[in-house]
Ligand SMILES: [Zn+2]
């Protein structure tokens with residue numbers, strides 16, 4: 001009976017799709033199983049939720065009207081004259097089997113059907129998707145399976161509502177306002193992070209040491225991650241002149257080193273790539289980059305402080321100041 005129910009539902013669905021989407025809708029394949037049905041059809045546009053809702057409503061109305069389902073065998077020409085939907089490209093014999101749903105659908109079909117549409121029970125579309133260009137697929141369930149699905153969905157909504165401490169009717173609005181609040185908080189957090197990074201960048205700059213007229217910042221920044229250190233050197237590059245900065249941090253058990261040389265100093269033979277490469281070598285790693293920006297990783301983060309301590313001397317040597 002489950003298969004018959006889904007098979008008759010397929011005929012109702014076919015008819016409803018033509019009603020809602022247009023008579024160009026053609027069946028391109030179908031699968032009728034005891035627990036679900038699948039219907040592929042030719043339609044060169046996306047279907048909207050509203051359209052699928054109307055198709056569902058049409059099928060359910062035909063079910064509630066409890067229409068009679070009849071099968072008869074008759075000459076093909078006569079079936080065609082009565083407007084039966086036949087599958088394009090299918091070979092039909094001289095005599096064909098016509099399945100009619102009283103006042104709703106006429107289809108050539110050899111399958112097993114229910115006697116009245118009321119036996120189908122609730123009809124629910126569970127998915128609608130494109131399966132190729134111009135071909136779409138609807139999956140639907142009927143009968144006890146559809147009723148179970150309705151109960152499960154209601155239970156899910158009840159659980160969501162409990163988590164939200166709202167009634168099911170209020171749940172959507174509660175989710176929307178939570179979503180807005182999260183966006184506002186994320187914006188605030190980003191602002192706080194930016195100003196925190198700004199404070200840190202200024203603190204480090206205060207600790208710069210002068211080397212032959214060049215300011216040198218070389219420091220281990222505890223608790224920083226690689227992206228916040230990159231943010232600090234980017235800020236230096238856009239805001240500062242006559243500055244060399246090499247910063248390091250321990251992140252995920254490894255050393256991370258990032259460095260910058262302000263543009264005016266690259267002409268004097270200073271290179272972030274060289275400095276970072278030399279520091280990286282001291283922490284068991286390698287790396288480098290451009291004269292203005294470089295980064296590296298290393299396996300021995302415990303040596304970071306010592307390695308960064310060599311930066312002023314490296315700058316002095318590069319500037320030829322001995
Ligand atoms: Zn059929």
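The values are calculated or read from the model by the stated rules, or taken from the named source; none is laboratory data. Computed from a predicted model, the values in this text were never measured in an experiment. Positions of Cβ are backbone-derived with ideal geometry, glycine not excepted, and every protein chain shown enters the neighbour counts.
For the range 65-99, give me the residue count where each residue is over 22 Å from residue 2 (Cβ atoms) and either part of a loop (DSSP other than H, G, I, E, B) or within 15 Å of the ligand (Cβ to nearest atom) (or both). Explain how you work it out, then say what you get.
Kept after step one, since they are over 22 Å from residue 2 (Cβ atoms), are these residues of the range 65-99: 72-96, 98.
From what is left, the residues that are either part of a loop (DSSP other than H, G, I, E, B) or within 15 Å of the ligand (Cβ to nearest atom) (or both) are 72-73, 79, 82-94, 96, 98.
Residues flagged as over 22 Å from residue 2 (Cβ atoms) and either part of a loop (DSSP other than H, G, I, E, B) or within 15 Å of the ligand (Cβ to nearest atom) (or both) within the range 65-99 amount to 18.
Quick one: count up the residues across the range 237-264 that are more than 11 Å from residue 219 (Cα to Cα), in contact (Cβ under 8 Å) with a residue 40 or more places away in the chain, crowded, with 24+ Cβ neighbours inside 10 Å and over 35 Å from the mean Cα position of the chain (by Cα).
Result for the range 237-264: 1.
Among the residues in the range 40-53, are any under 41 Å from the mean Cα position of the chain (by Cα), within 15 Å of the ligand (Cβ to nearest atom) and in the same structural domain as residue 140 (by TED's automatic domain parsing)?
For the range 40-53, residues under 41 Å from the mean Cα position of the chain (by Cα), within 15 Å of the ligand (Cβ to nearest atom) and in the same structural domain as residue 140 (by TED's automatic domain parsing): present.
Matching residues to (1) modelled with pLDDT of 95 or more; (2) over 21 Å from residue 55 (Cα atoms):
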residue	(1), (2)
137	yes, no
141	yes, no
148	yes, no
151	yes, yes
155	yes, yes
160	yes, yes
167	no, yes
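For residues that are touching a residue at least 60 places away in the same chain (Cβ under 8 Å) and assigned to a helix (DSSP H, G or I), scanning just the range 43-64, find the one that is surrounded by the most Cβ atoms within 10 Å (Cβ to Cβ). So that I can check it myself, show each step before the final result.
Of all residues in the range 43-64, those touching a residue at least 60 places away in the same chain (Cβ under 8 Å) come to 43-44, 46-47, 52, 55-56, 59-60, 63.
Within this subset, residues satisfying the condition of being assigned to a helix (DSSP H, G or I) are 52, 55-56, 59-60, 63.
Values: 52: 18, 55: 25, 56: 19, 59: 29, 60: 20, 63: 23.
That would be 59.
Please count how many residues of the range 108-136 are farther than 16 Å from residue 59 by Cα, away from the ligand (no atom under 16 Å from the Cβ) and assigned to a strand (DSSP E or B).
Total satisfying the criteria: 6.
Taking residue 1 and the conditions (1) in contact with a strand residue (DSSP E or B) (Cβ under 9 Å, 6 or more places away or on another chain); (2) closer than 17 Å to residue 141 by Cα, which numbered condition does it fall short on, given that it satisfies the others?
The failed condition is (1).
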